[in-house]
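Report on one structure; see the data block that follows.
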Amino acid sequence: MAVFVLNFLAIFSHPPATFHFLSGTIDKGETNLMPHDQSENETMLAPPKWMTRFFTWFCNDHLADAVLGDLLELYEWRCVKLGRRRANWFFLWNVLQFLQPFALKKSNRSINSNNYTMLKHYFKVSWRNLFRNKGYSIINISGLSAGMVVAMLIGLWIWDELSFDTNFENRSRLAEVMAHQSDGDISYTGTTVAMAPGIALREQYGDHFDGLSLASKNQSHVLSYGDKLLSGSGMWVQKDFPEMFTVRMTEGSRNVLADPSTLLISSSLAKALFGDADPMGKTILLDATTNFAVGGVYEDFPHNSTLYGTRLLLPWESKQNWMNSPDVLSSWTNHCGLTYVLLNDQANLPQINEQIKGLPQPFITGWKEELLIYPLAKLHLYNGSIDGQSAGGRIQYVWLVGIIGVFVLLLACINFMNLSTARSEKRAKEVGIRKAIGSVRTQLIWQFLSESLTITLFAFVLAVAITWLALPFFNTLADKQIVIPWGSSAFWLVSLSFVVFTGVVSGSYPAFYLSSFQPVKVLKGVMRGGRFASLPRQVLVVIQFTVSVALIVGTVIIYQQIQYGKSRPVGYSRNGLVSVSMNTTDQPGLFAALKNELLQTGAVEQVARSSQSAAHFRNNNSLDWRGKNVESEVFFRNVNISPDFGKTIGWSIVEGRDLSNELASDSSAALLNEESVRIMGFDDPVGEVITFWGKKYNVVGVVKDMLTQSPYDPMQPAVFLGDGWQGLITMRLNPDMPLRDALATIEPVFKEYNPTAPFEFSFVDEEFNKKFADEERVGSLAAFFAILAIFISCLGLFGLASYVAEQRSKEISIRKVLGASVATLWKMLSRDFVILVTISCFIAMPLAYFFMSDWLQNYQYHTAITWYIFALSALGAFAITLLTVSFQAIRAAVANPVKSLRAE
Amino acid sequence: MKGTYLGEFEELVLLTVGILHDDAYGLAIVDELEKQTGRNVMISSAHKALVRLEDKGYLKSKMGGATESRGGREKRLYELTHAGAKVLEQSKELRNSMWSQVPKIVWEGSNL
């Protein structure tokens, strides 16, 4: 019957006119004319190879030869009758007609269809399981996706770190010149170099480079165009710079910086300055002194780039560039700028470094200095104590964070395994029945793997959503601008393999464990796997809590270290200190008038000017004094101050006196801090004379040490000089006036006295707190991960506890009937878990101690690791454990025993 | 009964195999069927029927009779089995017996 129907359908599926040939039939009466007399061109009469090959590929052996013979016979006849081309088409059509079950290869067919059915079945069963145990499913999926969120965030973070500076097309050939200075035990390697070495490199070793550019550091400049007044940071660079860094131009050309009156601006700055108008050729007034024409607009540098935030590229040759002076350019000791090189293809960096190493020494007395060129590609990640060879640095953080990510994901997977095996008893009967009706072990393994893959996929979708929502928060935390690369196929590929990996890893244990059950035992109901059946589960819980406790301890210690740094006495008062930079304070009388007016507003209590903010002293120079040991050079932080500076910031004088406004001679007076006095070895410093850049200063007093550098380093020597450039105004605001009002009051005053610059201020305490940014970032990240790890562990514990409570519900009921109190039952149920957590604490603490004391060694001033940190962490772990377990334990203990006992 | 039921097309194929006797292979069967019935027969349908009939045990086959015109490939030559001959017989008898039971009047009526 079926054959009939098929024929019937086949007949009507073709238009009648062509039917005759399409159906592969031969005209009646002409059969005898079948060409048995085929001639010399016999070899030509074959259909395209791929068609025959296709046919033999799908057709089973029983038919293949016979049918192909028939088809070829027909084909030859058609070639004669209809021509080759049409015969080919008919042949293909005939081949396709055989794509029917009866002609296909048997073995393939049966396995395929069975697999398909089984897979469908597996997914159906896992779907049902998911919904039958909603509680477990929620715990499982949320735990797993929490782990995935962490792994994904960390993955994106690591990717961002590794792709640092990849926006430069010549990244592999770009390098930066560095100076390695050493003096006795102290050594320092940095990218801040003098300008003469760069010029020497260009002259003597120029054939190794495709480009070389001296550059200033990023400095803030004031730009004005029409009424618009903006500040933006930029670098003075030489003409090769934009080409070396393949700056992406949106308008204009890269090669315009040879002209000293042309600059390049970033598109964000162009937008801010000109709006939608065409910026090309417009004239900008820079720092209220020089006009520049806009020669081009470039795309802003991305966040993960060395040049991030550089919104102006200024021509080195401009008169406005203070570094472009013979003094600076010929100096080997004035470390004030940067030097970038683009190596050419043949350049052998180690060899070049060997050659240039000794360049600076002939020009430098007092300390040792070597020159080296370091590839930009490594500078970001391998920036720790570079001295010719690469060393650690940021890459260690990348490793550390990566390891944490893997661990948290592992925790989540462990959870999943734990819950699945815990539930195995529930599904043991299912396994027994499946095996009894003929499932083989492989099929069961596949079933449980597909089940875990389904859950993993769910968790992944959830995790992507959470990651997307959490990214802004994470970006602030990590100081990044990461986005999810939705369009990147690599991202999805990695995610997919990640899902499969997680699914297989987390599903493997239940898959292999459950499928190993013996059907007879299981169906009889004996499921006790002996004394060690629960051992793997316990081990997993111990691992989880070890990681959690270690993370808690680590986080606490990091925060303690930050707190330790913050609570160090700073030696002055930061509250209400505001600083405003103002280049024009040198004009005679201007500062006095400004100061007067500011004081009159009542918003300000003290005003002073200085060369540097009290939050951070940047300058570092050598000076001479009586009895100085010429052999060893010491650098002093040198700060130029007006006489009110000390009063304004509230320092304390230990010896002698502060500078005074009344004494004109104080312009050649100096103050030392205690550390300087110690280094200079003066018993009675007041009255001594120091020489700085050829000028003599009388020491009139000693200032108590102030914390102005890294809060984890020892106090550093500093000198305060009564003259010199003082372009920074520091004010102490009136504490009685609200901050907003005070700022609003002083703004017009600055507008009046400093009309060419925007009113931009910074709070000294905020500036100071930036010193803690790195540690705080690590701390927040560690806290974030610790919380997630605890969350995941608790979910696991919760699931396990509820399982145990359910397993032992009969036992609990009987105990209750026999008179056990709720407290006793609670104790009984919680005890096992408390033991496990105790074990984890004992493993975690030495580990945490070891790693954290190593970390603290990075800081000269560091907190001590005390026993109570461990005690508190352990206490916290126990509290969390008990809370989690008790919920289930008490619920089981107060349940009505009749219910559970009647059930059978 | 399933599996031994003989469809109309299958019956025709069986008969054709009988007619062709010792040269009953796919293409010849198609050719003969078209000649005898005037229908157009697809070569795949013929092969499908042959496979089924062989499965049911009404036909047996062997390879042989390669010619150059077939690219040197052998034919699968079919032959009626005892069961095949018997089932054709039964079919014919069934028809005859049913024919004889149709009242004469029906034939006369249909002639009108």
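The values are calculated or read from the model by the stated rules, or taken from the named source; none is laboratory data. What you are looking at is a predicted structure, and each value in this text was computed from that prediction instead of being measured. All Cβ positions, glycine included, derive from the backbone under ideal geometry; neighbour counts span all protein chains shown.
From the list A:Phe791, A:Phe768, A:Phe850, A:Phe833, which one is outside the structural domain of A:Phe407 (by TED's automatic domain parsing) and among the hydrophobic types (A, V, I, L, M, F, W, C)?
Only one candidate qualifies: A:Phe768.
Name the residues in segment B:29-41 that are facing chain A (nearest Cβ under 8 Å) and under 12 Å from A:Asp70 (Cβ atoms), would you?
Across segment B:29-41, the qualifying residues are B:Val30, B:Asp31.
Do the conditions hold for B:Tyr58, that is, is it surrounded by 18 or more Cβ atoms within 10 Å (Cβ to Cβ) and more than 11 Å from chain A (Cβ to nearest Cβ)?
On the way: surrounded by 18 or more Cβ atoms within 10 Å (Cβ to Cβ): yes; more than 11 Å from chain A (Cβ to nearest Cβ): yes.
Considered against the rule, which asks whether it is surrounded by 18 or more Cβ atoms within 10 Å (Cβ to Cβ) and more than 11 Å from chain A (Cβ to nearest Cβ), B:Tyr58 comes out as yes.
Could you tell me whether any residue of segment A:732-752 is closer than 30 Å to A:Val541 by Cα and of a type in the set (Phe, Trp, Tyr)?
Looking only at segment A:732-752, we keep the residues that are closer than 30 Å to A:Val541 by Cα, and these are none.
No, segment A:732-752 contains no residue that is closer than 30 Å to A:Val541 by Cα and of a type in the set (Phe, Trp, Tyr).
Of the residues A:Glu752, A:Glu688, A:Glu747, which is farther than 30 Å from A:Arg568 by Cα and touching a strand residue (DSSP E or B) at 6+ places or on another chain (Cβ under 6 Å)?
Working: A:Glu752 fails: touching a strand residue (DSSP E or B) at 6+ places or on another chain (Cβ under 6 Å); A:Glu747 fails: touching a strand residue (DSSP E or B) at 6+ places or on another chain (Cβ under 6 Å).
Of A:Glu752, A:Glu688, A:Glu747, the one residue that is farther than 30 Å from A:Arg568 by Cα and touching a strand residue (DSSP E or B) at 6+ places or on another chain (Cβ under 6 Å) is A:Glu688.
Would you please name the residue that is nearest to A:Met148 (Cα to Cα), looking only at residues in segment A:791-811 that are among the aliphatic types (A, V, I, L, M) and surrounded by 22 or more Cβ atoms within 10 Å (Cβ to Cβ)? So that I can check it myself, show each step before the final result.
Applying the first criterion (among the aliphatic types (A, V, I, L, M)) to segment A:791-811 yields A:792, A:795, A:797, A:800-801, A:804-805.
Now restrict to residues that are surrounded by 22 or more Cβ atoms within 10 Å (Cβ to Cβ): A:792, A:795, A:797, A:800-801.
Numbers: A:Ile792: 11, A:Leu795: 15, A:Leu797: 19, A:Leu800: 21, A:Ala801: 24 Å.
Among residues in segment A:791-811 that are among the aliphatic types (A, V, I, L, M) and surrounded by 22 or more Cβ atoms within 10 Å (Cβ to Cβ), the one nearest to A:Met148 (Cα to Cα) is A:Ile792.
I'd like to check something: does segment B:7-25 contain any residue that is under 22 Å from A:Trp93 (Cα atoms) and either within 9 Å of chain A (Cβ to nearest Cβ) or among the polar types (S, T, N, Q) (or both)? Give the derivation first.
Here is the first cut: in segment B:7-25, the ones under 22 Å from A:Trp93 (Cα atoms) are B:25.
Within this subset, residues satisfying the condition of being either within 9 Å of chain A (Cβ to nearest Cβ) or among the polar types (S, T, N, Q) (or both) are B:25.
Checking segment B:7-25: at least one residue is under 22 Å from A:Trp93 (Cα atoms) and either within 9 Å of chain A (Cβ to nearest Cβ) or among the polar types (S, T, N, Q) (or both).
Given the condition within 9 Å of another protein chain (Cβ to nearest Cβ) and modelled with pLDDT under 50, answer yes or no: does some residue in segment A:76-92 qualify?
The first filter runs over segment A:76-92 and keeps only residues within 9 Å of another protein chain (Cβ to nearest Cβ), leaving A:76-77.
From what's left, modelled with pLDDT under 50: none.
No, segment A:76-92 contains no residue that is within 9 Å of another protein chain (Cβ to nearest Cβ) and modelled with pLDDT under 50.
Just name the residue that is surrounded by the most Cβ atoms within 10 Å (Cβ to Cβ) out of those in segment A:57-67 that are without any contact (Cβ under 8 Å) to a residue 40 or more places away in the chain and within 11 Å of chain B (Cβ to nearest Cβ).
Among residues in segment A:57-67 that are without any contact (Cβ under 8 Å) to a residue 40 or more places away in the chain and within 11 Å of chain B (Cβ to nearest Cβ), the one surrounded by the most Cβ atoms within 10 Å (Cβ to Cβ) is A:Val67.
For segment A:418-531, which fully contained helices (runs of 4 or more DSSP H) count at least 3 residues that are under 19 Å from the mean Cα position of the chain (by Cα)? Reasoning before the result, please.
Details: elements: A:424-436, A:441-478, A:489-514, A:519-524.
By residue number, A:441-478, A:489-514.
Which of the residues belonging to segment A:621-645 are under 17 Å from A:Ile364 (Cβ atoms), surrounded by fewer than 17 Cβ atoms within 10 Å (Cβ to Cβ) and not hydroxyl-bearing (Ser, Thr, Tyr)?
Answer for segment A:621-645, where residues must be under 17 Å from A:Ile364 (Cβ atoms), surrounded by fewer than 17 Cβ atoms within 10 Å (Cβ to Cβ) and not hydroxyl-bearing (Ser, Thr, Tyr): A:Asn621, A:Asp624, A:Val630, A:Glu631.
Could you tell me whether any residue of segment A:696-708 is loosely packed, with under 15 Cβ neighbours inside 10 Å and charged (D, E, K, R)?
Of segment A:696-708, the ones loosely packed, with under 15 Cβ neighbours inside 10 Å are A:696.
Of the ones still in play, those that are also charged (D, E, K, R) are A:696.
Yes, segment A:696-708 has at least one match.
So that you can scan it fast, the table gives a plain yes or no per residue for (1) buried (at least 22 other Cβ atoms within 10 Å of the Cβ); (2) in contact with a His (Cβ under 8 Å, 6 or more places away or on another chain); (3) in a helix (DSSP H, G or I); (4) modelled with pLDDT under 90:
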site	(1), (2), (3), (4)
B:Thr16	yes, no, yes, no
B:Asn40	no, yes, no, yes
B:Ala46	yes, no, yes, no
B:Lys62	no, no, no, yes
B:Val87	yes, no, yes, no
